[in-house]
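Quick one: the structure is below, questions incoming.
No value in this document is a laboratory result; all are computed from the given coordinates. Here the structure is a predicted model, which is why all the values come from computation and not from measurement. Virtual Cβ from ideal backbone geometry, glycine too; neighbours counted across all protein chains shown.
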Amino acid sequence: MSKAQCCCGKLRLEIDGDPTINVVCHCADCQRWSGSAFGWSMYFEETSVHASGNKSEYLPGNGQKRYFCPSCGSTLFWFSPDFAGLIGVAVGSLFGERRPTPMASYSENSVCDWVNIPTDWEHHD
Ligand SMILES: [Zn+2]
Ligand SMILES: [Zn+2]
């Protein structure tokens, strides 16, 4: 089982299964929610992710639902219409051993100059 938590630890996830998708994305939205050069996301079956603690919801207007801790602001998980039946989890919030290398990189048209993406990954603009 994998576990994830926000910075303050009040919002937590327990995850039973293995991720089906493991990607980074360099779009402006992912840079904003992660506060970093790219967002790193793993998607799990919806039924295998169990959240506990208070959460706030953000609806960006593109059909996504994003959930973050109201105390410390960390984004922890989300639903996207692009991945029906799955939950996206912010990989930085996971702890333990289960952080496998991503398989693909998205929105490479807005990648930061200093980021070097491994050539054997899938590449998408
Ligand atoms: Zn928190
Ligand atoms: Zn993105």
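How large is the convex hull of the C-alpha atoms of the range 57-125 per residue, in Å³?
Numbers: hull volume 10.2 nm³, N = 69.
Residue-normalised Cα hull volume stands at 148 Å³.
Here's another thing I want to ask about it. Between Asp18 and Asn109, how many nm apart are label points set 7 Å from Cα along the C-beta direction?
3.4
From the C-alpha coordinates alone, can you work out the Kirkwood hydrodynamic radius of the chain, in Å? Write down the numbers at each step before the final one.
Values: mean 1/r = 0.0675 Å⁻¹.
Result for the chain, one decimal place: 14.8 Å.
Which of Cys27, Cys69 comes first, and how do the rest follow, when ranked by fewest Cβ neighbours within 10 Å?
Details: Cys27 15, Cys69 22.
Ascending Cβ contact count within 10 Å gives the list Cys27, Cys69.
Report the label-to-label distance for Ala28 and His50 in nanometres (one decimal), using points 7 Å from each Cα along the Cα→Cβ vector.
4.0
What's the FRET efficiency of Glu122 with Arg98 using the Cβ-Cβ distance as r and R₀ = 22 Å, to the nearest 0.05?
Numbers: r = 21 Å, r/R0 = 0.95.
The formula returns an efficiency of 0.60 here.
Let me ask something additional. Would you order Ile21, Ile15 from fewest to most other beta-carbon atoms within 10 Å of each residue's own beta-carbon?
Working: Ile21 15, Ile15 22.
The fewest-first ordering by Cβ neighbours comes to Ile21, Ile15.
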